[in-house]
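Taken together, the values in this text are just the output of simple stated rules run on the coordinates, not laboratory data. In this text the structure is predicted, and so the values were computed from the model without any measurement. Note that each Cβ is placed from the backbone with ideal geometry, even for glycine, and that neighbours are counted across all protein chains shown.
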């Protein structure tokens with residue numbers, strides 16, 4: 001008999017409670033776990049604290065061997081279209097510190113943990129318009145609602161789009177389309193996202209989670225090892241992209257933050273860019 005026991009893995013009821021202010025979680029008996037990101041029960045509002053929680057959550061879910069498939073989505077009618085009013089005070093107060101902690105370390109962990117720390121199939125369900133949709137787009141399978149709009153606002157708020165969205169767009173869109181989307185703030189509607197290959201299916205809003213569960217049911221028809229080893233195959237392009245571009249993109253973004261000596265994020269900055277999308281504009285220069 002071994003001299004030591006295994007270190008206990010995370011328990012669902014424990015981390016469900018731990019992450020409740022950021023994620024609503026439920027898990028079926030077969031191990032399919034639904035994680036709905038939220039802020040105060042509604043759509044995600046970006047903040048330093050929310051940003052850090054993403055990688056922490058993915059790592060924890062991935063460390064629980066009782067989880068078999070992850071469905072990741074947002075809450076309400078939007079995925080993420082706003083920032084917490086006080087969510088970037090920390091960054092503004094000590095930019096030198098948070099340019100690394102927030103703009104480099106946490107961000108890299110968020111993206112890499114989705115691809116590397118989850119040994120289970122992932123289904124991203126985009127529940128409406130939003131930015132930072134790479135957390136759903138980089139899942140193994142991605143579905144979205146008919147009113148989904150995908151866009152990146154970094155350039156339009158004076159920040160470098162190097163925090164993982166660049167890896168996501170370049171992998172899914174190719175060089176030219178990605179450059180256009182990142183430099184112009186292009187608002188990509190659901191129909192176009194399907195045409196571009198960014199998502200696998202577009203479904204009515206009321207059917208989004210139902211369809212996600214159906215896809216999970218199909219994946220669950222095969223044995224545990226088959227599911228997990230197939231995931232290793234389908235993730236290979238993302239792992240190459242992360243190895244090639246993720247760290248460098250984040251480093252460039254961090255340098256730009258420090259060179260400007262001002263925090264690029266915040267409600268007022270984000271609000272100006274989001275206003276274009278809310279008005280139905282496809283590009284911020286239309």
Nearest-ten-degree value, helix 48-63 long axis tilted from longest Cα axis of the chain:
20 degrees
How would you classify segment 49-121 from its alpha-carbon gyration tensor, with a ≥ b ≥ c the square roots of the eigenvalues: rounded for a/c under 1.5, else prolate if a/b is greater than b/c, otherwise oblate?
oblate
Would you calculate a helix-derived [θ] at 222 nm for the chain, using -39,500 (n - 2.57) for each DSSP H run of n ≥ 4 and dividing by the full residue count, to the nearest 500?
-13000 deg cm²/dmol
Any chance you could give the angle, 0 to 90 degrees and rounded to 10, that helix 208-219 forms with the longest Cα principal axis of the chain?
40 degrees
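Could you tell me which of rounded, prolate or oblate describes segment 139-238, using a ≥ b ≥ c as the square roots of the eigenvalues of the alpha-carbon gyration tensor, with rounded for a/c under 1.5 and, failing that, prolate when a/b is larger than b/c and oblate otherwise?
oblate
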Residues of segment 69-88 with amide nitrogen under 19 Å from the 7 Å Cα-to-Cβ point of residue 228?
69-71
Taking Cα atoms only, helix 267-278 is inclined relative to the longest principal axis of the chain by an angle, in degrees rounded to 10, of 90 degrees
Rounded to a whole number of µm²/s, how large is the Stokes-Einstein D of segment 12-278 at 10 °C and 1.306 mPa s, given Rh as the Kirkwood radius over C-alpha pairs?
86 µm²/s
Along Cα→Cβ, 7 Å out, is where each label goes; now give me the distance between the ones at residue 183 and residue 100 in nm to one decimal.
3.3 nm
Ranked by GNM mean-square fluctuation in the chain (Cα springs under 10 Å), the top entry among 200, 67, 50 is 200
Rounded to whole Å, give me the distance from the Cα center of segment 230-247 to that of segment 3-53.
24 Å
Residue 117 versus residue 147, label points 7 Å from Cα toward the beta carbon: distance in nm?
3.3 nm
Connecting every pair of Cα atoms under 10 Å apart in the chain and solving the GNM, the largest mean-square fluctuation among 45, 56, 214 falls on 214
Along the Cα-to-Cβ line of residue 13, 7 Å from the Cα, sits a label point; which residues in segment 27-64 have backbone N less than 14 Å from it?
27
Is segment 1-105 best put as rounded, prolate or oblate by its Cα gyration tensor, with a ≥ b ≥ c the root eigenvalues, rounded for a/c under 1.5, and otherwise prolate when a/b is larger than b/c, oblate when not?
oblate
Only Cα pairs under 8 Å and at least 6 apart count here; give the relative contact order of the chain as a rounded whole percent.
20 percent
Which of 63, 181, 125 moves most in a GNM of the chain, Cα contacts under 10 Å?
63
